[in-house]
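These notes are about the structure you will find just below.
Please treat every number below as a calculation from the coordinates, not as lab data. Just so it is clear, the model here is predicted, and its values are computed rather than measured. Cβ coordinates were reconstructed from backbone atoms using ideal geometry, including for glycine residues, and neighbour counts include every protein chain displayed.
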Amino acid sequence: MSTSSGKELLKKIGLWLGLILGTFIFFVVTMAVLQSFELGETVVAGIPMITTLYFWGGFGLIKHGWRKVVGTIAFLLAAALNFVLIASPYDTLGEFRGTRIFLLTLFLSSIFLIMQKGKLLRLVGILVILLTIIGALLGAFFQIPNLDLLQ
């Protein structure tokens with residue numbers, strides 16, 4: 001093993017450790033910031049988790065081979081989880097407003113997919129935009145019974 005290959009290995013390990021450490025720090029800081037705004041538990045736990053899945057999914061999508069498959073799975077898992085959190089019923093109007101932030105992450109992920117080179121990724125991006133619209137409508141539909149419109 002030559003010196004240059006040892007340095008290369010350390011560089012690769014350092015990159016991965018840096019990305020994992022950065023992800024952990026992002027997760028903790030984002031949860032702390034969201035808790036300071038007194039948002040619901042769904043927002044506080046969901047946003048960092050979904051954003052992390054989008055990051056690692058997007059990171060995998062720009063690679064080749066097995067990393068692209070893992071990235072695709074992570075990206076689709078994040079989109080599905082995001083859709084579930086958008087369309088879930090809410091107890092209060094404040095909780096409904098707080099979870100609208102999920103629409104932004106889902107919309108930005110669809111833009112990322114549409115900007116990719118592959119036709120399948122662009123198609124999935126368009127599908128994610130449609131899911132964003134459906135999720136927003138379902139969330140609003142489930143919120144209507146909780147509003148006191150007749151009072």
Place a point 7 Å from the Cα of Glu38 along the Cα-to-Cβ direction; which residues of segment 98-139 have their backbone N under 18 Å from it? 98-99
On the principal axes of its Cα set, how long, how wide and how thick is the chain? Give whole Å, largest value first. 78, 39, 18
Qualifying chymotrypsin sites (Phe, Trp or Tyr not before Pro) for segment 1-69 [loop in DSSP, other Cβ within 10 Å: at most 15]: Phe37
Taking 0.36 nm per residue of separation and subtracting the Cα-Cα distance, what length does fully extending Leu104 through Leu127 add? 6.7 nm
Can you pull out the trypsin sites (Lys or Arg not before Pro) in segment 1-106 whose DSSP state is coil and whose Cβ has at most 16 other Cβ atoms within 10 Å? Lys63, Arg100
Name all residues of segment 40-75 having a backbone nitrogen under 19 Å from the label point set 7 Å from the Cα of Val28 along its Cα→Cβ direction, giving them as ranges. 44-53
For the Leu137, Ala80 Cβ pair and Förster radius 22 Å, calculated FRET efficiency rounded to 0.05 is 0.80
Set the Förster distance to 22 Å, then compute FRET efficiency between Thr72 and Glu8 from the Cβ-Cβ distance, nearest 0.05. 0.20
